[in-house]
1. Rounded to two decimals, what is Rg over Rh for segment 24-170 when you use alpha-carbon atoms and the Kirkwood radius?
2. Could you give me the ³J(HN,Hα) list for segment 90-97, computed from phi with Karplus coefficients 6.51, -1.76, 1.60 and θ = phi - 60°, whole Hz, x at Gly and Pro?
3. How large is the Kirkwood hydrodynamic radius of segment 31-88, in angstrom, based on all distinct alpha carbon pairs?
4. Collect residues whose amide H, placed 1.01 Å from N in the peptide plane, falls under 5 Å from the amide H of L87; neighbours closer than 5 in sequence don't count.
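Nothing in this text is a laboratory measurement; each read-out follows from the coordinates by a stated rule. Since the structure is predicted, the reported quantities are computational estimates derived from the model, not experimental observations.
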Amino acid sequence: MKLRSMALRLALAAAATAALAGCATSPPLAAGLSEAEVLQRLGPPTGRYPMSEGATRLEYATGPMGKMTWMVDVNAQGRVTAWFQALEESRLHAFMARAPGLAEADVLRTLGRPGEVRPAGLAGGTLWSWRYVTNDCLWFQATLDNGRVRDAGFGIDWICDGMNDAKASS
């Protein structure tokens, strides 16, 4: 039974990877596009976050199994000023350095919605996790207590840990 479950998870992961292969490149955007043009090209965002000076950040997440979250910044005049892949490893390292104490809204505005949210175990709080593009089987995680980040870092993705469990039991 455990091996069948693992085979199903691997098949789903392979299908998700194949489906997302076309998403690895930058979306077809350019500075100065209107928000309406972005919505026409990319569809409705998975999140919308207020920024300073009346700007808005649009989130296009591919989770929970996806490893890309595109952020599109639109100024107060409704024009694109920037777009970027939020879950790049260099951005995650930079975020980790400043994460403790950040509010939940700041986490969402920076990384987008997590791929998984669950209790953080004996330490308490809530563990938010994001998959990202890496050759290792890791994901980025942040522990939140009362709406604030307690800590953040990289951890083993449970899917890989499950694969190791299956190998050990066979």
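1. So for segment 24-170, dividing Rg by the Kirkwood Rh gives 1.02.
2. 5, 5, 5, 4, 5, 5, 4, 5
3. In segment 31-88 this quantity evaluates to 11.5 Å.
4. Answer set, sorted by chain and number: T69.
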